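Colleague: The following block contains the structure, expressed as structure tokens.
The values are calculated or read from the model by the stated rules, or taken from the named source; none is laboratory data. Please read all numbers here as calculations on a predicted model, not as lab measurements. Cβ: placed from backbone, ideal geometry, glycine included. Neighbour counts: every protein chain shown. SASA here: full protein model, heavy atoms, side chains in, ligands and nucleic acids out. Shrake-Rupley method; radii C 1.70, N 1.55, O 1.52, S 1.80 Å.
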Amino acid sequence: MQIIDHNNTSLTICQKFFIEKSIELLYMGSIDSYRIKLNNPLTILQELKYCLNEFDKGRIKHFHTIKGTAKSGKVLIDEVHTLLAVAPSYIKYDTISLEYLTVLLGQTKEDNYKKLIPSIKMLLDDNQDYVEKVIDGISTLVASNDNSFENLCKIDTSLNILFSSLIKKEFSKGFLYKLFYGIFVHSLRNCKNFEDHFTNFKTRILADKCEHKVVFRIDTTDKVYTAMSHIAVDGITLQDDIDSINLTGTRATTELAVFNVKLDKRKFIECTVEALDYLSALKKARRQLSEYLDVLNLGLSGEFLNIHNRVLVIDQRSPEKGDFQNNANILDGKYKAEQSHYQTFTSKIPSIINNSKIIDETKEKIKSAVRYLRLGNQSTEIEHKFINYWIGLEYLFSNYESNNTIVRLKTHFINAHAIAYTKRNITSFKRHFAQLPNVQKAKATTYTTANDNFLKEKQFYQDIETELLEDYPLLAYRAMKLKEWFFKNTSATKPANAKNYLNRHKENLEIHFTRIYRLRNEIIHDAALNTNNQLIVSNLRYYLTFILNEVIDHLSNATTNGSVSIEDYFIGNELKLGNIEHKGFTLIDFLDVECAIDFIS
């Protein structure tokens, strides 16, 4: 959450909330609970149709990863039911009714699933204008000036649907963030009209793909250059210089002069792609270039070839406004400092390695997981990042006495994250509240810097809801949500409860890990490349970083007379969570639990 000082003082509460919530969803530094969700009511149907087709072809081996059993737990069709029930969903049920679709989902089995595939196709065909319907729905909700909790929930839901749909259409999240911030924060000043800016935003996100030119600079040998010259590929041209390109921006013009410096054996590769935005164009061009270089590498793997870390991207609608971008895949998630990942971990690792009471297998798992985290961060291709993060995560949860590592991973990771989840989110809320001016913080009468007891009291959230809604609607909405989750049915004998909050999170994790494991199989067994899984890889990196931080912190502080292993940590979490459950999932117990959540913001 970013505390935004709006330049336009005439904005309504709903307009401010629309802006603040959108930025939170798109901002890469937001915690995963508040970033864009992977799916919405329509895209989950697309995923289900894809998985049913893959099962029909024999590429997905186990139907229980699509429709769960009592043993396999929650999986894809459970998520379909959940997302179809959201309101508003914006789905038109013209050819197939929701009631009949629900019947088909209920009847679907391993030997009875084929009717569902054409049914979903009909629904998708009926909803070709889905994004337009969603954006119009958001416009209506914002224009209503209804500041109720129910209406703000509808705007929240609708924005998640909108942005997840746009990303599915192949907009890049980074572009959407910059576009939105530019239209609704930087340029929406007192003399400007919100509705005009909304129209500009709508026009841009509904625009068709257009041609982009992406220019890579390479330094290589004559042998590689000769080979490149003889390989003709549509959309790729080899240039000795880019003197014909002219840019208007001062910074871009200066960088272009340096980028275009002539050197022996320096060449430029121009890729032409159709894309919705410049970052999406870069991603497509990078894929195109990788496939081109893969062919060269077959016979010239020993030759020198260096690709510059900056790339020129030009939207052909306004070529003079082209600009340079970093040649890298940027993942979501914010940490204290990228460089301090390993410093934080390795400062505690020596005490673990030198502790004779910690068994060797556990030490090897820690070292291996840290190594694969590093390899994932250093990888260029998104699939390589995925595989490295997955290897690090899978090995941590492996056990030579059990051949079902994915079940262990689901069980033990979900336990560990469930313990920290409530505290992490409430601590994040407190941190954002603490950024407010003192005069605003004083409106929450129970707030104090002396301790965190106020977080356990309903009054704190009630004060923020009633006193700060007009100036900080997203913060007030978050207070309403937390109050709804934890204090809905409280009394003197029934304290604040996190059971439903936690159970929903555990179900989401269970479903998502099944999805991640399916994607892992696609990459490893089917050599899948076009997986478009950047959001999932961001989740994987977070999961590995989180569990490593927790395990290392636990082992570095372990005091026992006997041997210590990672299994002790897993069992300890089971007991800790079981004890909290036995006591009624009270909010107090979750906020008092010890967990090392400070490393990840």
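Colleague: Among the numbered criteria (1) out of contact with any Pro (no Cβ under 8 Å at 6 or more places or on another chain); (2) hydroxyl-bearing (Ser, Thr, Tyr); (3) within 27 Å of Pro41 (Cα to Cα), which one does Thr157 miss?
Modeller: Here Thr157 meets the rest and fails (1).
Colleague: Ok, one more. Would segment 211-224 turn up any residue that is assigned to a strand (DSSP E or B), touching a residue at least 12 places away in the same chain (Cβ under 8 Å) and surrounded by fewer than 16 Cβ atoms within 10 Å (Cβ to Cβ)?
Modeller: yes
Colleague: I would also like to ask the following. Does segment 314-324 contain at least one residue that is open to solvent by 50 Å² or more (accessible area, probe 1.4 Å), part of a loop (DSSP other than H, G, I, E, B), under 30 Å from Lys169 (Cα atoms) and in contact with a strand residue (DSSP E or B) (Cβ under 7 Å, 6 or more places away or on another chain)?
Modeller: Within segment 314-324 (the criterion being open to solvent by 50 Å² or more (accessible area, probe 1.4 Å), part of a loop (DSSP other than H, G, I, E, B), under 30 Å from Lys169 (Cα atoms) and in contact with a strand residue (DSSP E or B) (Cβ under 7 Å, 6 or more places away or on another chain)), the answer is yes, since at least one residue qualifies.
Colleague: Pick from Glu457, Glu484, Glu470: which is surrounded by fewer than 19 Cβ atoms within 10 Å (Cβ to Cβ), touching a residue at least 60 places away in the same chain (Cβ under 8 Å) and out of contact with any helix residue (DSSP H, G or I) (no Cβ under 7 Å at 6 or more places or on another chain)?
Modeller: Checking each option against the conditions leaves just Glu484.
Colleague: Let me ask another. Spot the failing condition for Leu123; the list is (1) touching a helix residue (DSSP H, G or I) at 6+ places or on another chain (Cβ under 9 Å); (2) of a type in the set (A, V, I, L, M, F, W, C); (3) modelled with pLDDT under 95, and only one is missed.
Modeller: Of the numbered conditions (1) touching a helix residue (DSSP H, G or I) at 6+ places or on another chain (Cβ under 9 Å); (2) of a type in the set (A, V, I, L, M, F, W, C); (3) modelled with pLDDT under 95, the odd one out for Leu123 is (3).
Colleague: Can you pull out every residue in segment 243-254 that is at pLDDT 90 or above, touching a strand residue (DSSP E or B) at 6+ places or on another chain (Cβ under 9 Å) and surrounded by 11 or more Cβ atoms within 10 Å (Cβ to Cβ)?
Modeller: Within segment 243-254, Ile245, Leu247, Ala252 qualify.
Colleague: May I pose another question? Which numbered condition in (1) within 19 Å of the chain's Cα centre (by Cα); (2) over 19 Å from Leu591 (Cα atoms); (3) crowded, with 20+ Cβ neighbours inside 10 Å; (4) touching a residue at least 24 places away in the same chain (Cβ under 8 Å) is the only one that Asn388 fails?
Modeller: Asn388 satisfies all of (1) within 19 Å of the chain's Cα centre (by Cα); (2) over 19 Å from Leu591 (Cα atoms); (3) crowded, with 20+ Cβ neighbours inside 10 Å; (4) touching a residue at least 24 places away in the same chain (Cβ under 8 Å) except (4).
Colleague: Which numbered condition in (1) at pLDDT below 90; (2) closer than 19 Å to Leu502 by Cβ is the only one that Thr411 fails?
Modeller: (1)
Colleague: Quickly run through segment 295-326 and pick out the residues that are of a type outside the set (A, V, I, L, M, F, W, C) and within 29 Å of the chain's Cα centre (by Cα).
Modeller: His308, Asn309, Arg310, Asp315, Gly322, Asp323, Gln325, Asn326
Colleague: Please work out if Phe345 is surrounded by 14 or more Cβ atoms within 10 Å (Cβ to Cβ), modelled with pLDDT of 90 or more and farther than 15 Å from Leu540 by Cα.
Modeller: No: the conditions fail for Phe345.
Colleague: Could you tell me how many of the residues in segment 56-106 are touching a strand residue (DSSP E or B) at 6+ places or on another chain (Cβ under 9 Å) and open to solvent by 30 Å² or more (accessible area, probe 1.4 Å)?
Modeller: Residues flagged as touching a strand residue (DSSP E or B) at 6+ places or on another chain (Cβ under 9 Å) and open to solvent by 30 Å² or more (accessible area, probe 1.4 Å) within segment 56-106 amount to 1.
Colleague: Name the residues in segment 57-80 that are under 22 Å from the mean Cα position of the chain (by Cα) and not β-branched (Val, Ile, Thr), would you?
Modeller: Lys74, Leu76, Asp78, Glu79
Colleague: OK, next. Considering only segment 163-184, I want to know if a residue exists there that is open to solvent by 60 Å² or more (accessible area, probe 1.4 Å), closer than 23 Å to Thr12 by Cα and outside any loop (DSSP other than H, G, I, E, B).
Modeller: yes
Colleague: Oh, and also: Only residues that are in a helix (DSSP H, G or I) and surrounded by fewer than 16 Cβ atoms within 10 Å (Cβ to Cβ): list them for segment 134-148, please.
Modeller: Matches in segment 134-148: Asp136, Thr140, Ala143.
Colleague: Still on this model: May I ask you to list pairs of residues, at least six apart or on different chains, whose Cβ atoms are under 9 Å apart, with the first in segment 190-206 being touching a residue at least 24 places away in the same chain (Cβ under 8 Å) and the second being surrounded by 11 or more Cβ atoms within 10 Å (Cβ to Cβ) and of a type in the set (Lys, Arg)?
Modeller: Cβ pairs passing all conditions: Ile205/Lys169.
Colleague: Just the residues that are within 24 Å of Asp471 (Cβ to Cβ), open to solvent by 20 Å² or more (accessible area, probe 1.4 Å) and either assigned to a loop (DSSP other than H, G, I, E, B) or touching a Gly at 6+ places or on another chain (Cβ under 9 Å) (or both), please, taken from segment 18-42.
Modeller: Within segment 18-42, Tyr27 is the sole residue that qualifies.
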